[in-house]
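Novice: Okay, here's the structure, questions in a sec.
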Amino acid sequence: MDRVLITGAAGGIGRSLRESLLGVYRVLRLSDRVPLAPARTGEEVDLTELSDMAAVERMVDGVDGIVHLGGISGESEWEPILQSNIAGTYNLFEAARRAGVQRIIVATSNHAVGFYPRDRKIDHQVVPRPDSRYGVSKAFGEAVGALYADKHGLKVTCLRIGNFGDKPLDHRRLSIWLKPEDMVQLCRIGLEHPDIHFEILYGVSDNERSWWDNHRAYDLGYRPTGKSEDFREHAMAEQAKLKPDPVGDFYQGGAFCGMEFSGDKSRIIEPE
Ligand code: 15L
C-alpha cells in the first residue's frame, strides 16, 4: 500500500487514524464532506460528498487501499441514510473497482447485528439482525463488500465496530469496547494481510465479557491489548446514571433497539 484513503476523516475514528497511520503508508489521503485541517507532509486532503459519484471517482483516483469510515454514524431519518450510507457506500465500491483499487476496509457496526440478545455469543457467520435504519445501511455495506470481493476481486474487510474510544462508557460498552490502538491493528490487517478475500471481523478489544467470537481476526494475527475490565468501575458508575431500558438492555444493540420500538416486548427471547 502506497497511497491509502481514509473517508470520514473528520470523525472520531478518522481523526485518530490520521495520527496513527501517518508515516505508515507513504501518502494518506484524508477525505470528508466537511473541511479538514490542512495537509501535513505525507498527507493529502480532500472534500467529497459520498452521494456524488463524480466526486467519489476523483476521491479514489490513484489510491491503493481505502479505509471507509464516511457516512452517518448513528440512527437518522431514511433519506440521509440512503444518500450517505447506501448510495455513498455503493459509489465508493464502484468507483474503487473502476479505478483498480486493491483493498477496502469498510467500517460496519455492531448495529448490523444489534437484535441478537446479549446472552448469545455470535461469530462472523451469523445473519444480520439490524437494530435501526443505520444498522440496515451497515448490513448493506457488508453485502456490497461481499459482491465486490467475489465478483471483482477487491480484497474487502468489514469491521463490525463495537464502541471506539479511550474507555468503555457504560455496562454495555464493557462488552464491545474497542481501544484505538486495536483499531490500528485491524486496519493494518485489512490493508496488508496476504490472505484477505472477504472478511467480517469484529472491531472489539480483548474484553472478558465480549459477546463476539472474533476468532477469524485472531487467525489473521489480531492481538488486541485493550481490556475493558480495567475500566469497570468507571463504566458501572456511568451506567448508574442511565434509566433502565427493557428492550435495549436485553439486546446487544442497546438503545438502538429500544428507540422507536413498537414490537412485542414479550418476545424478548433469543431470535432464531
Ligand atoms: C456505532 O455504530 C456508532 O457509530 C457509535 O456512535 C456508537 O453508537 C456505537 O455504535 C455503539 O454501539 O456504542
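Novice: Is it fair to say GLU79 is in a helix (DSSP H, G or I), over 22 Å from GLY190 (Cα atoms) and either open to solvent by 30 Å² or more (accessible area, probe 1.4 Å) or away from the ligand (no atom under 16 Å from the Cβ) (or both)?
Specialist: Judged against the criteria, GLU79 is a match.
Novice: Moving on to the next point. Tell me, please, whether a residue that is open to solvent by less than 30 Å² (accessible area, probe 1.4 Å) and within 12 Å of the ligand (Cβ to nearest atom) can be found in the range 83-98.
Specialist: Yes, that holds for at least one residue.
Novice: Please count how many residues of the range 9-47 are surrounded by fewer than 16 Cβ atoms within 10 Å (Cβ to Cβ) and of a type in the set (A, V, I, L, M).
Specialist: Looking only at that region, the number is 5.
Novice: When only residues in the range 111-122 that are within 12 Å of TYR251 (Cα to Cα), open to solvent by less than 10 Å² (accessible area, probe 1.4 Å) and out of contact with any Ser or Thr (no Cβ under 9 Å at 6 or more places or on another chain) count, which is farthest from the ligand (Cβ to nearest atom)?
Specialist: Only one residue tops the list, namely PRO117.
Novice: I would also like to ask the following. Among the residues in the range 140-158, are any of a type in the set (Lys, Arg), closer than 24 Å to ARG103 by Cα, in a loop (DSSP other than H, G, I, E, B) and away from the ligand (no atom under 13 Å from the Cβ)?
Specialist: no
Novice: Oh, and also: Among the candidates ARG232, ARG173, ARG209, single out the residue that is more than 24 Å from GLY14 (Cβ to Cβ), assigned to a helix (DSSP H, G or I), touching a residue at least 24 places away in the same chain (Cβ under 8 Å) and charged (D, E, K, R).
Specialist: Residue meeting the stated conditions: ARG232.
Novice: Condition first: under 15 Å from THR7 (Cβ atoms), within 16 Å of the ligand (Cβ to nearest atom) and either open to solvent by less than 20 Å² (accessible area, probe 1.4 Å) or outside any helix (DSSP H, G or I) (or both). Can you find one or more residues in the range 123-130 that meet it?
Specialist: Within the range 123-130 (the criterion being under 15 Å from THR7 (Cβ atoms), within 16 Å of the ligand (Cβ to nearest atom) and either open to solvent by less than 20 Å² (accessible area, probe 1.4 Å) or outside any helix (DSSP H, G or I) (or both)), the answer is no, since none of the residues qualifies.
Novice: Take the conditions assigned to a helix (DSSP H, G or I), crowded, with 17+ Cβ neighbours inside 10 Å, on the phi < 0 side of the Ramachandran plot and touching a strand residue (DSSP E or B) at 6+ places or on another chain (Cβ under 7 Å) and apply them to ALA55. Does it pass?
Specialist: Taking the combined requirement at face value, the residue does not satisfy it.
Novice: Out of contact with any strand residue (DSSP E or B) (no Cβ under 6 Å at 6 or more places or on another chain) and at pLDDT 95 or above: is that true of LEU92 in this structure?
Specialist: No.
Novice: Would you mind stating whether TYR218 is open to solvent by 70 Å² or more (accessible area, probe 1.4 Å) and either within 16 Å of the ligand (Cβ to nearest atom) or of a type in the set (Phe, Trp, Tyr) (or both)?
Specialist: yes
Novice: Say whether the condition of being without any contact (Cβ under 8 Å) to a residue 24 or more places away in the chain and touching a strand residue (DSSP E or B) at 6+ places or on another chain (Cβ under 7 Å) is met by at least one residue in the range 15-24.
Specialist: yes
Novice: Hey, among the residues in the range 239-262 that are aliphatic (A, V, I, L, M) and free of Cβ contacts under 8 Å to residues at least 60 places away in the same chain, which one's least open to solvent (accessible area, probe 1.4 Å)?
Specialist: For the range 239-262, the residue satisfying everything is VAL247.
The values are calculated or read from the model by the stated rules, or taken from the named source; none is laboratory data. Just so you know, these numbers come straight off a predicted model, no measurement behind them. Don't worry about glycine lacking a Cβ; one is built from the backbone with ideal geometry, like all the others, and counts go over all protein chains shown. Quick note on the areas: whole protein, heavy atoms, side chains included, nothing else; ligands and nucleic acids left out. Shrake-Rupley method; radii C 1.70, N 1.55, O 1.52, S 1.80 Å.
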